[in-house]
Every structure is written in C-alpha cells, then in structure tokens.
Amino acid sequence: MPRVSRLFALATAALLAAGTAACSSPSSDEAPGGSGGSGDWSPVTVEHAFGKTTIETEPERVATVNWANHEVPLALGVVPVGMAAADFGDDDGDGVLPWVEERLKELDAETPELFDETDGIDFEAVADTEPDVILAAYSGLTRDDYDTLSEIAPVVAYPETAWGTPWRELIRMNSKAVGMADEGEKLVTDLDEQIGEAVAEHPAIEGESAMFLTHVDTTDLSEVSFYTAHDTRAMFFEDLGMETPESIANASAETDEFSLTQSAERADAFDDADIIVTYGGDELVDALEDDPLLSQMPAVENGAIVNLPGDSPLGTAANPTPLSISWVLEDYLSLLSEAADAKP
C-alpha cells in the first residue's frame with residue numbers, strides 16, 4: 001500500500017508559505033523560492049551538458065519538462081506552473097503519478113498544467129505557462145530542444161549524459177536554479193538517512209550483485225537488453241547496499257549509453273549477477289526459465305528474479321526520483337530481499 005513519506009510530512013510551514021501558492025498561480029506576485037520575493041536574489045549559474053545557464057532574476061514561475069524534474073520543486077514546497085504528464089506508470093490515467101498526487105494534496109495545490117510529451121516536448125504549451133526558468137536536469141534534451149526552450153526561459157539541462165542524472169544531482173541542480181540550494185542539500189541528506197534506515201532492515205541484500213534486464217521480448221529471446229551502470233535504475237542498487245556485477249561494469253565502461261543489447265548465446269557473461277530485476281508478468285519469468293540459454297543464468301536458475309509489474313507505479317518507481325524513493329522504498333527492498341533469499 002502506498003505510503004506518504006514521513007520525510008515530506010515534516011515539511012515546515014515557513015517553506016510552504018514561501019512558495020506553495022505562488023508558483024501555482026499565474027497571477028501571483030509572490031516568489032516561490034527560498035527568499036520568498038524579498039528582493040535579495042543573486043544571479044545563479046548552473047553548469048550542464050550544453051554549457052552554463054545563469055538565472056539573473058528570482059524565478060517566480062517554474063516550469064519543468066521530461067521526467068521527474070517537477071518533483072524537486074514540489075518536494076521543497078514549490079508548485080510548478082507546468083510539468084510533463086506522466087506517460088508511464090500512471091495507473092489511473094490522469095497524467096500524474098501517485099507520489100506526486102500525494103505531494104500536491106499535502107501542499108493543498110491544484111495539478112499544474114500538464115505537457116503532453118508523447119511526440120516530444122510541446123514547446124508551445126511550455127511557452128504558454130510563461131515560465132521564468134525551465135528545469136530539465138534529468139532529461140533527454142537534444143541541442144535543438146535546449147536552444148528552442150532557451151528562447152522561452154533559462155534552461156537547466158542534464159549535467160553530462162542524457163537520462164543519466166543521479167537523483168542527488170537532479171535535486172542539487174534543480175534546487176540551485178530556483179534559489180533553494182540549501183533546502184535541496186537538506187532533502188538529499190534526509191533521503192540518504194531514510195534509505196540507510198530502510199536498508200538496515202533488509203540485511204539479506206547487502207553485497208548482492210544485481211542487474212536490470214529490460215525490453216525483454218518473450219517471443220524472441222535470441223537477444224536481451226539490460227541497463228548499464230549509467231542508468232539511474234542500475235545506480236540505485238548501490239544506494240541500497242548492493243553491487244554492480246563486473247560484467248555490467250565492464251560493458252558500461254565502453255559506452256555512455258544507458259542500455260545495451262547482447263546475444264542470448266553470450267548470456268553466460270552475466271553469471272556474476274546474483275539477482276535480476278526486470279519488467280513483466282509471470283509469462284516473462286516462465287519464458288526465461290524455459291529458454292535453453294537464459295535459464296542457465298544463475299539468477300534465473302535460482303529464481304532470484306524481481307519481476308516488477310510493467311507499466312505500474314511500482315515498476316516506475318524503481319527509477320529513483322525525489323518523491324518516489326519514499327513511496328516505493330519498503331516494497332522494493334522487500335522484493336529484493338525475497339530474491340536474495342532464493343539463492344541456495
């Protein structure tokens with residue numbers, strides 16, 4: 001059962017007063033950031049893959065594009081004027097993931113304008129929200145995307161690799177851009193403490209190696225794909241006290257891609273993975289166990305598989321974001337523990 005994070009239940013009244021209503025209302029004269037419109041703003045410069053972006057004046061209207069960027073201001077009590085609609089894991093089809101819905105309710109805020117990014121960024125919709133800054137520290141922006149958005153407002157892009165921004169860096173970059181760097185650092189610390197406490201309750205997974213199989217086609221298992229160490233889902237294993245298999249680390253060292261594909265005939269390369277995490281139903285596990293090659297992988301042979309429900313909030317939250325970590329942590333650790341216990 002989804003739970004409201006104790007982390008955010010402890011948000012201070014001062015923080016909410018400084019920013020909640022202001023950013024959600026186009027007519028508000030108040031500022032959303034830490035200074036609360038006091039006029040003591042100093043220009044902020046954020047470095048990213050496309051150069052440097054300087055926010056010269058305090059942003060009163062914050063827009064976000066692509067995945068999870070809106071969760072940073074929300075976690076800090078700031079409601080964006082617009083954000084990308086969820087296109088994966090949205091179980092009720094309203095474009096908002098459950099942990100975001102919970103946070104909006106905590107802030108007594110209406111849902112921001114939702115940008116439909118099914119066919120890419122809706123630049124016109126973003127412009128219509130009249131933002132003062134656009135947050136995209138976790139994104140897949142192209143140079144053209146960045147240039148077009150920059151005509152609307154200053155843009156904070158990802159630091160190095162598209163779709164490869166760790167959750168801590170996501171928080172730090174986006175919080176800095178809205179003048180709340182100290183609050184962002186406190187959020188990182190609080191989440192780290194929460195993760196540490198939860199992991200301590202699941203000692204079975206400590207030191208276990210885990211890999212994330214993805215886009216597995218049960219009708220054609222001649223090759224399989226996996227997330228590299230550059231993907232935030234794979235990075236999260238180490239946050240949970242687990243290890244990256246040497247096979248994944250070696251493959252990742254030769255690319256900056258967040259996923260790779262390998263022939264099933266070379267599946268023995270993954271013999272060093274104690275646990276497999278993947279998306280799918282029982283039919284996927286059955287297919288892996290019945291395949292003459294993939295079934296020889298120790299994790300498959302031992303039944304050490306975390307089979308996340310495909311397009312669901314739980315599966316989506318395996319990709320850690322500022323609000324989803326608290327929402328999914330206990331459930332995810334329990335599944336990983338069950339897989340670790342399956343080893344002989």
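A few comments on the model shown:
- The range 193-206, residues that are assigned to a helix (DSSP H, G or I) and in contact (Cβ under 8 Å) with a residue 24 or more places away in the chain: Q194, I195, A198, V199, A204, I205
- Within the range 109-119, being more than 15 Å from T64 (Cβ to Cβ) and in contact (Cβ under 8 Å) with a residue 12 or more places away in the chain holds for E110, T118.
- Among the residues of the range 311-341, just one is surrounded by fewer than 17 Cβ atoms within 10 Å (Cβ to Cβ), under 16 Å from the mean Cα position of the chain (by Cα) and not charged (D, E, K, R), namely S312.
- Of the set (1) among the charged types (D, E, K, R); (2) touching a residue at least 12 places away in the same chain (Cβ under 8 Å); (3) surrounded by fewer than 16 Cβ atoms within 10 Å (Cβ to Cβ), all apply to D290 but (2).
- Verdict on M235 being under 18 Å from I205 (Cβ atoms) and of a type outside the set (D, E): yes
- Filtered by the rule that a residue be under 18 Å from D272 (Cβ atoms) and either under 16 Å from the mean Cα position of the chain (by Cα) or part of a helix (DSSP H, G or I) (or both), the range 213-230 gives Y227, T228, A229.
- Yes/no for N307 being under 30 Å from P98 (Cα atoms) and part of a loop (DSSP other than H, G, I, E, B): no
- Residue match in the range 112-120 (condition: of a type outside the set (G, A, S) and touching a Phe, Trp or Tyr at 6+ places or on another chain (Cβ under 7 Å)): no
- Inside the range 166-198, residues that are in contact with a helix residue (DSSP H, G or I) (Cβ under 7 Å, 6 or more places away or on another chain) and either at pLDDT below 95 or not charged (D, E, K, R) (or both) make up a count of 15.
- Among all residues of the range 327-343, there is none that is under 23 Å from V188 (Cα atoms), at pLDDT below 95 and assigned to a loop (DSSP other than H, G, I, E, B).
- So T244, is it among the hydroxyl-bearing types (S, T, Y) and surrounded by fewer than 19 Cβ atoms within 10 Å (Cβ to Cβ): no
- Here no strands (runs of 3 or more DSSP E) wholly within the range 57-157 include at least 1 residues being at pLDDT below 95 and touching a helix residue (DSSP H, G or I) at 6+ places or on another chain (Cβ under 7 Å).
- Qualifying positions in the range 269-292 - in a helix (DSSP H, G or I), in contact with a helix residue (DSSP H, G or I) (Cβ under 8 Å, 6 or more places away or on another chain) and within 22 Å of L333 (Cβ to Cβ): none
- Test for G51: is it out of contact with any strand residue (DSSP E or B) (no Cβ under 8 Å at 6 or more places or on another chain) and at pLDDT below 95: no
- Sole exception among (1) surrounded by fewer than 17 Cβ atoms within 10 Å (Cβ to Cβ); (2) touching a residue at least 40 places away in the same chain (Cβ under 8 Å); (3) among the charged types (D, E, K, R) for D132, by number: (1)
- In summary, E223 fulfils each of the numbered conditions (1) more than 30 Å from E58 (Cβ to Cβ); (2) among the acidic types (D, E); (3) surrounded by 18 or more Cβ atoms within 10 Å (Cβ to Cβ) with the single exception of condition (3).
- Residue in the range 11-21 that is farther than 30 Å from R143 by Cα, at pLDDT below 80, of a type in the set (V, I, T) and surrounded by fewer than 17 Cβ atoms within 10 Å (Cβ to Cβ) present: yes
- Residue tally, condition hydroxyl-bearing (S, T, Y) and part of a loop (DSSP other than H, G, I, E, B), over the range 231-250: 1
The values are calculated or read from the model by the stated rules, or taken from the named source; none is laboratory data. Just so you know, these numbers come straight off a predicted model, no measurement behind them. No Cβ is skipped: glycine too gets one built from the backbone with ideal geometry, and neighbour counts run over all protein chains shown.
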